[in-house]
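Have a look at the structure below before the remarks.
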Amino acid sequence: MLKQLAIVLLMGAAGQLAAGWAPIPSDVWAIRSGPKGALVLEERMKFTGRAVEYVYRVRVFAEEGRKAAQLPDMPTTVSDIKGRTVYPDGRQVEFNDRKDFAERKVEVGGSESSATHVVPPGVTSDCVMEVSWSEPANGWFHGLPRRYDDGLYAKWTLANSVPTKLLVIEVFKYFPLAWVVEPSVIAKPETSDVSGFRVLTFHDLPALDTPPYAIKPLLGLPTLLMFYQPESLRGVVDDPLEAYWNQAAESIYKPDYESGISKGSAFKSLTDELLADLPQTPGERAGELLNRLNQNVANLSHSTYAEEAALPKTFWRGFESKDLNEAAKTRKTDSFGFRLLYYHLLKAAGFAPKIGKVVDREKALFQWAQRNPWQFHHTVIGIDLPSGAVMWFDPTRRYAAPGVIHPDYTAVNMLQVDSATWKVSRGVIPGLGTLANGRQFTYALDLSEDGDNVEAQGEFSGYPEYSERYSYLPLEPKEQGKALKKKFEAALKDMAVSEATVFNAADPKKNVSWRVKGFIEREAGRSRTVTPFPGMPWPLWVPSELDQTRKTPIVLPYMSTQVALSHFKVPHGFTPRLLADLHDENEFGKVVWALSFDPTTREVKVALRVEVRANSKGADRWESFKAYLGWIETACRRQIVLVKEG
């Protein structure tokens, strides 16, 4: 039953108008099939310099298409909402208030995150939903709403979850921000000037549908970018690109690290303490310095449970990241302050650090030709090696091993700033090698008459070690165990976990590890099946279905090695059915599964090794990649069958 809050159910002919909407043409109602169960008929964004005006019209023709009528949550500042949901028989539901929408939580970026969407009233599997609204441009310079980085930066992928018939962007001639539509290999707009607005019109845009092992920036969809061009750069926007970026380094990036920095006696004492007897080799010297900094100063942007509990309530009052003397005195700071500490300690140690401006490849790629100094998502610090290479560090990732960089910032272009000259160059942060990112699992199984007693241990290195640690770092020890128990039982629903312990989550000197004990109940019978690695996370995600063909490049998370070892004794009265070893290998990596059985001790040993050796490959290697994922699935699903003798 629909709430009667500013909603009017109207009975009448299809031509009856609501809030100025035109009648729905018969050819729209004739749309009964197509991908995703819906088609966006029209989407408009009009940037007037005082407000952003939106129009969204969608034809839903199947149950799966109902989600296309959902909208991202509307801020409380929106006004002039006018909408209706129309049915083929001419009925329609009008709405004109934020309260008329239902709210729904949806997953974004994986199951760990969610966002609120609003659902217009009356949406069915056979309808047309039309809505328009306005949002004030209350950010700086009155170009964008404040929710977009105070009105200074916004980016849209010009596509929807279903195909779009018509998409129109209108920008006021004297719009106060710089803006650009990034190139697209899929769709090019028609451009025109109408009544003081630049109008870009796109036709027949495909759905925003990222296939497995792909990144959105490589899908070729158009994007709209709006940003504030600083006054210090406006005089060089027409100069050669290198001149633009050098000026950006001098006027924007340099002050972050060199202006307003407070040092004093406490900082000098910390410097003397941490620089004493450092190794001489540059890589080891910089790495050991970061280790010492982690052991002596707490980055409270990633605080432990104990640190958070003990932190004075007044600590953040008047806090300044650039006050390095206070950070040295309290031995506490935030992520930016920690990066500044490391930068200035490197300088004190004789280095001329490099500043790496990186882009999250899941969201965008660095565009050298785009004169936009704000396109970066993160900053890392580097040093020159005698070989001419640069070794990169991310001091903001607390307790991560020196040299560990989040994979989303690696293997793609970045901007490199030399603090000795404040000149720029382009570069790439290479991902860590196959052996540097490791996960090792050890299983001891005790097969009793009514089930399997399981003891599993996990050890990690490289980025997997940081990722594992990060999930437990803010929790107190008993809560760490609960989180591990929950993770294991979610992966293996028939296992009752009796013990789950996480080790070293808050100890910067040791790698994080864990131990799990549990029991899997089995029914007695003529045979029993043994899973050698119960609850083990797979080296790579293997989707239940994969497309037959591929058009976009294949991008893997990172290169890595996963090793798993399992052993158990075969109960008396049973004989194992021995399986042939697996050994498969191609350009993506290697999968090895091996079993041994000692009839004297009745002990079975199983070893699994999976190597991921590629960061990315072209779409033409799709068949090889599917084969590689198939080998992983086969090896990880393998079970040993024990048959009763006699």
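The values are calculated or read from the model by the stated rules, or taken from the named source; none is laboratory data. Quick caveat: nothing in here was measured; it's all calculated off a predicted structure. Note: ideal-geometry Cβ built from the backbone for every residue, glycine included; neighbour counts use all protein chains shown. These area figures cover heavy atoms from the full protein model, side chains too; ligands, DNA and RNA do not enter into them. Shrake-Rupley method; radii C 1.70, N 1.55, O 1.52, S 1.80 Å.
Counting only residues at least eight positions apart within a chain, or on another chain, the lysines with an alpha carbon under 17 Å from that of K569 are K605, K644. Expressed in Å, the radius of gyration and Dmax of the Cα atoms of the range 145-233 are 14.5, 44.
Reducing the range 149-212 and the range 231-294 to their Cα centroids gives an inter-centroid distance of 37 Å.
The HN-Hα couplings worked out from phi for the range 362-369 by the Karplus form 6.51 cos²θ - 1.76 cosθ + 1.60 (θ = phi - 60°) are 6, 10, 6, 10, 5, 10, 4, 7 Hz, whole numbers, x standing for Gly and Pro. Straight-line cross-link partners of K617 among the lysines, defined as a Cα under 22 Å from its Cα and at least 8 positions apart when in the same chain: K216, K363, K551, K590, K626. You can think of it this way: the chain between T442 and K363 has 24.8 nm of extra reach, that is 0.36 nm per residue less the Cα-Cα gap. Accessible area per residue for the range 211-286 is 45 Å², calculated with a 1.4 Å probe on protein heavy atoms, without ligands, DNA or RNA.
Of the peptides 230-238, 416-424, the ranking by mean beta-carbon count within 10 Å, highest at the top, reads 416-424, 230-238. Full extension of the segment from L579 to A115, taken as 0.36 nm per residue of separation minus the current Cα-Cα distance, would add 162.4 nm. FRET efficiency for the pair A306 and S26, taken as 1/(1 + (r/R0)^6) with r the Cβ-Cβ distance and R0 = 51 Å, rounds to 0.15. When the residues L167, L578 are ordered by accessible surface, computed with a 1.4 Å probe over the protein chains alone, the sequence from largest down reads L578, L167. Placing R0 at 56 angstrom, the Cβ-Cβ distance between T529 and S265 gives a FRET efficiency of 0.25 after rounding to 0.05.
Accessible area per residue was computed with a 1.4 Å probe on protein heavy atoms; M391 scores about 50 Å².
Each peptide in 159-165, 593-599, 432-438 was scored by the mean count of other Cβ atoms within 10 Å over its residues; highest first, the order is 159-165, 432-438, 593-599.
Potential lengthening of the chain between T77 and K605 amounts to 183.7 nm, from the contour at 0.36 nm per residue minus the alpha-carbon distance. With all pairs of separate Cα atoms included, the range 528-646 yields a Kirkwood hydrodynamic radius of 15.9 Å. Taking label positions 7 Å along the Cα-Cβ direction at both D272 and E64, the computed distance is 7.0 nm, reported to one decimal. All alpha carbon pair distances within the range 477-599 were sorted into 5 Å bins beginning at 0; the resulting P(r) in whole percents reads 2, 7, 12, 15, 16, 16, 14, 10, 6, 2, 0. Put simply, when 605-615, 174-184 are sorted by average Cβ atoms within 10 angstrom per residue, most first, you get 605-615, 174-184.
Computed 3J(HN,Hα) for the range 222-231, one whole-Hz value per residue from the Karplus formula 6.51 cos²θ - 1.76 cosθ + 1.60 where θ = phi - 60°, is x, 9, 10, 10, 10, 7, 7, 8, x, 4, glycine and proline marked x. In this simple spin-label model, placing a label point 7 Å from the Cα along the Cα-to-Cβ direction at both A496 and K313 gives a separation of 4.5 nm. Of all aspartates and glutamates in the structure, the ones whose alpha carbon falls short of 15 Å from that of K478, not counting any fewer than 8 places away in one chain, are E499. In the range 72-190, Rg over Rh equals 0.99, where Rg is the alpha-carbon radius of gyration and Rh the Kirkwood radius from pairwise Cα distances. Per residue, the average separation of C-alpha pairs within less than 8 Å and at least 6 apart gives the chain a relative contact order of 9 percent.
For the range 504-512, backbone phi angles converted through the Karplus equation (6.51, -1.76, 1.60; θ = phi - 60°) give residue-by-residue couplings of 6, 4, 10, 10, x, 8, 10, 6, 6 Hz, Gly and Pro being listed as x. Ordered from longest to shortest, the equivalent ellipsoid semi-axes for the chain are 46, 39, 24 Å, each the square root of 5 times a Cα gyration tensor eigenvalue.
In this structure, D238 and N413 have a Cβ-Cβ separation that, at R0 = 25 Å, corresponds to a calculated FRET efficiency of about 0.60.
On alpha carbon coordinates alone, what is the Rg over Rh value for the range 424-527, Rh being the Kirkwood radius?
Working: Rg = 17.6 Å, Rh = 15.7 Å.
That ratio equals 1.13.
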